[in-house]
Each structure stands twice: as C-alpha cells, then as structure tokens.
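Structure, as structure tokens:
The values are calculated or read from the model by the stated rules, or taken from the named source; none is laboratory data. A quick note: this is a predicted structure, and the numbers were derived from the prediction, not measured. Cβ atoms come from the backbone with ideal geometry, glycine included; neighbour counts cover every protein chain shown. These area figures cover heavy atoms from the full protein model, side chains too; ligands, DNA and RNA do not enter into them. Shrake-Rupley method; radii C 1.70, N 1.55, O 1.52, S 1.80 Å.
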Amino acid sequence: MDGGDLKKVAYYPGCALEGTGHAYNRSTKEVGKKLGLDLVELKDWNCCGAMEVKNIDPKIQTYLSARNLTIAEEMGFDKVMAPCNGCYHNLKKAEYDLAHDEKSVEVNARLSQKAGHKTYEAGKVETIHALDWIKKAVGEEELARRVQNSLNGLKVANYYGCMYTRPRHIFPEKDKGPGSESTSKPHFMDDLLAAAGAQNVEFPLKTACCGGAHSLSDSDTSTKLVLNILETAEACGAEVIATECPTCHTGLEMHQVRAEKVLGRKTNVKILYFTQLLGMALGLSAKKVGVQENLSDPRDLLRQKGLG
Amino acid sequence: MTTTEAPFAELLDRVDARLTDAPLTATARALADLQLAEAEDVLEAWLESKGRTPTGDTVEGFRLLALHRQGAKGDPSFNACRETCREIVYLRNVVTEYDGDMPEARHSLRLQSMVVKHLALFVGGKMVEAGLGDFCCSSRPIRHSDAAAAGPTIQGD
C-alpha cells in the first residue's frame, strides 16, 4: 500500500456511522480534511450484510459487500476505506471469498446480473481501515509535525475489538513485519495516538470480545464483559479508552451506564473514538469532532488536559 | 442478575476475591500458575460441553494454547479469545520473572486475574448461547444445518 495513492480514497461509512456512530463519521471526515486527505463517499452504497445477513446466508452477505466494491471500482477507485470494524471485516471477507470460493463467485455473478449491475471481480478494489488510511497516507512523523494541541500525556488504552484482526487469512497485508499491522498485537492506533502526544498504557484486553454480538440476546454477559474491559483499562492506569469501531464504542458506552445501574459498579474511564482524539490534537474543537454526542461525557477531563 | 446463575460462577467469585487488595495467599508465582490452570479449566469445560476430550498436548510449551487451538477447530468465532489466552500465558511469564511479592508482580497478577475473568465470561456466554444458536460475527450460519457437516467455506484462524 503506497501512501501516495491513499490521499484520495473511496469512503464507505456503513450504516452504523449514520446512526449511533455519527460522531465517528464526523470526526473521521474532519480529521481527513485537516490532514489534506480526500474522502469520496460511495454513491448509493448499501449495508455490508453485517451480522444479520451473514447469519442467514453468508453468500448474500458476500454479494452485498461486493456490490459496494463494484461501486468503488465504477467510481474509479482501487481503495475503499471502511472505518467500522464490521464493514471492514465483511468487505475484506468478500474480497477473500471471491478470490478463493467458486460458489461465492457464482452466487455473486447471479445476483449482480439480476440486480442489473456489473459483477465485481476479485482484486479490483482493496478495502482499508481508517487506521490504515491515516497511518499510510500521513504516518506518525508527519502527524506529529501537524499536532497543534498535544494530547499531553493523556493515558490511553487502545481497544481494537475482536473483528479488526480476525480471521487472519482475510488480512493478507497484516503480519508482514516492520511497518505492517499485527493481528496478535495490533499497534496502528497506538502509533498514531502516541504521535499525537498520548501515553499509551499496556492493555491486555485490546483485542478481547466486548460482547457486541450478545448485546440483545444476552445483555447481562455483555455488561459483565464490558465492565471487565473498563476495570482492566483503569487498572492499567488509563484515563481514556480509544476505539476504532462504532459497535465496540457504543457497547462500551451503553454497558458502562448499565453496569452502574444494574451491578452498582461505576467506572470513570472515558471512551472516545481515536479520530476524536486525533482531531483535537490537530487543533479541532471538541464540538467539531462530536464529543458532545458521546455518552461517557469526557469534557471535564478534556478541559483538564487543555483539549476542551 | 446474580453471579450464581452464570457458568463458572465459583471461578468468577474466586477471581473477584483475588482482585481485592488482600495479602497474597501464596507466592505470586504459584498464583500465576493457579490462574493459568483456571483458564485451562474454562477451556476444558467448553470442549466437554461440545462432547470432546480436552487435549493433554501443549503449544509453545503451554496446554492452554493447545486447548484453545482444539476449541477453535470448526468454530472460527472461538478465535475471538485467542489473544486472551496468549495474554494469560504472557502475564504468567511476567510474574514468574519477578522474585517474590514485588509491586510489579502483583500488578501483572491482578491483570492476569482480569484476563482470566474475561475468558470465563466470554466462554460462559458462548456456552449459554449455544442452546440458542451461535450469533457471533464470524460464526457459521445458524440456519444452515448442513454447514457444520460440510465445514465452513473459510476456516477461521
């Protein structure tokens, strides 16, 4: 992945960023603008198939994700950036399935024909995450140079969730040695936030499950899983948990409230999208990056750190 | 919600009791090994609930990692706890590097307790869900009963 060709990429926000993850959408766009990067939203994009379609028929999920890749290709892009871990995972999985599984290729061709659009062919478009985008298009050195308002030693636990690196085989660009992302110890978010002045803490649950998939069917387990993540982050000395997935972010915020209500266990760690933290470090106001939309109100802490 | 309703309730109570600031009841090293063994118990319970015999083998010198690999066979979503298991081993190794009851050892021991707790909650949640169907994101489709027999198109790792 060459940094030069990432200055202008196709943008697939996905459904969550239009709803509960609105602040992530807003802060991602603002950070891009501030860094001189260009995001061109896919025209008439559709849901990636998320968990719901995948659990009913994974081939239809592959088709739904592939249709978005077709749109990117038709708009002249060979890279599409998806900031949501679920969308990123599904688009990557579609790329993999269409390169390795004949049945997926056949179903995708049939449904594309029926829908009356071009059939996506494997290898035409590469899906990248918002972390890849900023890390490769800008990099830590340039980012540090552009920081106007350092995060000033803010203690951050970076939480990547379980979808960003899993399953390993759909991420062929990861685990390629220096400069590449690691599936066992992801570090791109750590690298970017450190460049912005944060002090990352050692956090042993950075890829652990937040129970997002259980949120409706077994919310008590989700609450306990999230509470354990929050308490572990606090035990590691974190003031903030940085997130890069709207599902994880919402889960952490909602179950932080629920843990206090149902279990009587209050935690004080604040939850912010990494793009919100980067945006403030780049000189954007807290309002501009949507901090007022967060449930775990971090404004007092941000003011203390000179970031409010 | 009471803790006694959940799988691994006793283990979780024990871990919670250890998360207080009470004096250590054993050497840090012995407790780190105990917590590693508790994590193995969790994965044994998962395998047994699936009608499988837990392996006695090791991976990279640790049975926990072998049990995880065995538990994830045919169930890619179980890989969501792969790094959790590796962290338990890593923290055990960190604790054993310190000699005696030092603050660094205590800190790592505490984190190891929390990671073991996460493993128990995650696996317990999956065991409860198993009766309803597997809803985790990378799971095989719940309505394709033949998918398990045919094996997933893509093997997760």
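Would you confirm whether or not the stretch A:41-63 contains a residue that is under 30 Å from residue A:141 (Cβ atoms), assigned to a loop (DSSP other than H, G, I, E, B) and within 20 Å of the chain's Cα centre (by Cα)? Before you say what the answer is, go through the steps one by one.
If we filter the stretch A:41-63 for residues that are under 30 Å from residue A:141 (Cβ atoms), which is where we start, we get A:41.
Checking the rest, the ones that are also assigned to a loop (DSSP other than H, G, I, E, B) come to none.
No: the stretch A:41-63 contains no residue that is under 30 Å from residue A:141 (Cβ atoms), assigned to a loop (DSSP other than H, G, I, E, B) and within 20 Å of the chain's Cα centre (by Cα).
Could you tell me which numbered condition residue B:13 fails, if it satisfies all but one of (1) open to solvent by 50 Å² or more (accessible area, probe 1.4 Å); (2) modelled with pLDDT under 90?
That leaves (2) as the condition not met.
Which residue, of B:108, B:145, is polar (S, T, N, Q) and at pLDDT 90 or above?
Selected residue: B:108, the only one of B:108, B:145 that is polar (S, T, N, Q) and at pLDDT 90 or above.
Of the residues that make up the stretch A:19-39, is at least one touching a Gly at 6+ places or on another chain (Cβ under 7 Å), within 14 Å of another protein chain (Cβ to nearest Cβ) and crowded, with 24+ Cβ neighbours inside 10 Å?
No: zero hits.
Please specify each residue of the stretch A:101-122 satisfying the condition of being assigned to a loop (DSSP other than H, G, I, E, B) and touching a Ser or Thr at 6+ places or on another chain (Cβ under 8 Å). Lay out the reasoning, then the answer.
Initially, the stretch A:101-122 is screened for residues assigned to a loop (DSSP other than H, G, I, E, B), giving A:101, A:116-122.
Selection gives A:101, A:117, A:118, A:119, A:120.
Test each condition in (1) out of contact with any His (no Cβ under 9 Å at 6 or more places or on another chain); (2) over 29 Å from residue A:135 (Cα atoms) for residue A:274 and report the one that comes out false.
Here residue A:274 clears every test but (2).
With surrounded by 20 or more Cβ atoms within 10 Å (Cβ to Cβ), modelled with pLDDT of 95 or more and within 22 Å of residue A:84 (Cα to Cα) as the only criterion, which of A:243, A:232 stands out?
Going through A:243, A:232 in turn, the sole match is A:243.
Quick one: which of A:125, A:147 is assigned by TED's automatic domain parsing to the domain that holds residue A:94, under 30 Å from residue A:80 (Cα atoms) and over 18 Å from the mean Cα position of the chain (by Cα)?
A:125
Which of the residues that make up the stretch A:164-181 are touching a Ser or Thr at 6+ places or on another chain (Cβ under 9 Å) and open to solvent by less than 20 Å² (accessible area, probe 1.4 Å)? Give the steps one after another, and end with the answer.
Kept after step one, since they are touching a Ser or Thr at 6+ places or on another chain (Cβ under 9 Å), are these residues of the stretch A:164-181: A:164-168, A:171, A:173-175, A:181.
Those that are touching a Ser or Thr at 6+ places or on another chain (Cβ under 9 Å) and open to solvent by less than 20 Å² (accessible area, probe 1.4 Å): A:164, A:165, A:166, A:167, A:171, A:174, A:181.
Given (1) open to solvent by less than 50 Å² (accessible area, probe 1.4 Å); (2) closer than 19 Å to residue A:83 by Cβ; (3) within 14 Å of chain B (Cβ to nearest Cβ); (4) assigned to a helix (DSSP H, G or I), where does residue A:206 come up short, assuming only one miss?
(4)
For the stretch A:285-304, what are the residues that are surrounded by fewer than 20 Cβ atoms within 10 Å (Cβ to Cβ) and outside any helix (DSSP H, G or I)?
A:285, A:286, A:287, A:288, A:294, A:295, A:297
Can you tell me which residue in the stretch A:229-242 is nearest to the other protein chains (Cβ to nearest Cβ), limited to those that are within 21 Å of the chain's Cα centre (by Cα) and in a helix (DSSP H, G or I)?
Of the residues in the stretch A:229-242, the ones within 21 Å of the chain's Cα centre (by Cα) are A:229-230, A:233, A:238-242.
Then keep just the ones that are in a helix (DSSP H, G or I); that gives A:229-230, A:233.
Details: A:229: 7, A:230: 11, A:233: 10 Å.
That would be A:229.
Go through the stretch B:70-80 residue by residue and tally those that are at the interface with chain A (Cβ under 7 Å from one of its Cβ atoms) and in contact with a Cys (Cβ under 7 Å, 6 or more places away or on another chain).
1
Please count how many residues of the stretch A:44-83 are open to solvent by 10 Å² or more (accessible area, probe 1.4 Å), touching an Asp or Glu at 6+ places or on another chain (Cβ under 9 Å) and of a type in the set (A, V, I, L, M, F, W, C).
Of the residues in that region, 1 qualify.
Of the residues in the stretch A:162-184, how many are more than 9 Å from every other protein chain (Cβ to nearest Cβ) and either of a type in the set (Lys, Arg) or on the phi > 0 side of the Ramachandran plot (or both)?
Within the stretch A:162-184, residues that are more than 9 Å from every other protein chain (Cβ to nearest Cβ) and either of a type in the set (Lys, Arg) or on the phi > 0 side of the Ramachandran plot (or both) number 5.
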